[in-house]
Amino acid sequence: MGRPRRDQQALLDAAAAVFVASGVDAPVREIAANAGVGVGTIYRHFPSRADLVVAVYRHQVEACADAGPRLLAESETPEAALQAWVAMFVDFLTTKHGLADALQGDTTRSGDALHTYFVGRLVPVCASLLDAARQPADAYPPIDAYSVLKGIGNLCIGAASDTDYDAATPVRLLLSGLLTRDG
């Protein structure tokens, strides 16, 4: 990875951290300070806040997508890889919910394109992890990865507005049920 690409990734990581801590309306100067750059550097890479929010969203989706194969290769079992990936996905959904909310003000076409991108990148990763963790497949009732991700997403919705709600617990129960051979 070249230096400009690394620099942009560092900006996206810094912006994501600020968005989690302060929301997507955080001042650009806070993001610049977190990244150790000037405000002009942020605007040079991302001319508008919407550009920055979309780039952070895509960056986070890519990190989640890239983690699937890595976790499958490095984890002790496919089930452990699936559990670790789902925990990462839950963290993405519960801490980055402001990104999706910020995009709602954007055009419907842009929101639809991001949803299509999200589904296109993450459903195949989830499917490969599910397939690996649920072997042999005939011992389990069939379920598609899109439905699993949608179910996890629905369980995470409450975390955005209720700080007492821990989405990880019901998601672990869902995952446990998916991995139970008796269905």
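The values are calculated or read from the model by the stated rules, or taken from the named source; none is laboratory data. All figures in this text were calculated on a predicted structure; none of them were measured in a lab. Cβ sites come from the backbone with ideal geometry, for glycine too, and all protein chains shown count toward neighbours. Note: accessible area is taken over every heavy atom of the protein model, side chains too, but ligands, DNA and RNA are not part of it. Shrake-Rupley method; radii C 1.70, N 1.55, O 1.52, S 1.80 Å.
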Legend entry - Lone unmet requirement of (1) small (Gly, Ala, Ser); (2) loosely packed, with under 13 Cβ neighbours inside 10 Å; (3) more than 29 Å from Leu178 (Cα to Cα); (4) modelled with pLDDT of 90 or more for Ala73: (3)
Inset, instruction - Answer yes if at least one residue in region 35-46 is in contact (Cβ under 8 Å) with a residue 40 or more places away in the chain, in contact with a helix residue (DSSP H, G or I) (Cβ under 8 Å, 6 or more places away or on another chain) and in a helix (DSSP H, G or I), and no otherwise. - result: no
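If you check Leu103 against the conditions, is it modelled with pLDDT under 95, among the aliphatic types (A, V, I, L, M), buried (at least 16 other Cβ atoms within 10 Å of the Cβ) and more than 19 Å from Ala67 (Cα to Cα)?
Values: modelled with pLDDT under 95: yes; among the aliphatic types (A, V, I, L, M): yes; buried (at least 16 other Cβ atoms within 10 Å of the Cβ): yes; more than 19 Å from Ala67 (Cα to Cα): yes.
Answer is yes for this residue.
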Inset, instruction - For residues that are part of a helix (DSSP H, G or I), closer than 14 Å to Leu72 by Cβ and of a type outside the set (A, V, I, L, M, F, W, C), scanning just region 120-167, find the one that is modelled with the lowest pLDDT. - result: Asp131
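Which one of Ala145, Ala127 is buried (at least 18 other Cβ atoms within 10 Å of the Cβ), free of Cβ contacts under 8 Å to residues at least 40 places away in the same chain and closer than 19 Å to Ala63 by Cα? Before the answer, list the steps.
Details: Ala127 fails: buried (at least 18 other Cβ atoms within 10 Å of the Cβ).
Sole residue among the options that is buried (at least 18 other Cβ atoms within 10 Å of the Cβ), free of Cβ contacts under 8 Å to residues at least 40 places away in the same chain and closer than 19 Å to Ala63 by Cα: Ala145.
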Inset, instruction - Give me the pairs, please: first residue somewhere in region 67-81 and among the polar types (S, T, N, Q), second residue anywhere and part of a helix (DSSP H, G or I), beta-carbon distance under 6 Å, and either six or more positions apart or on two chains. - result: Ser75/Ala81
Inset, instruction - Assess whether Ile152 counts as being among the aliphatic types (A, V, I, L, M) and open to solvent by 70 Å² or more (accessible area, probe 1.4 Å). - result: no
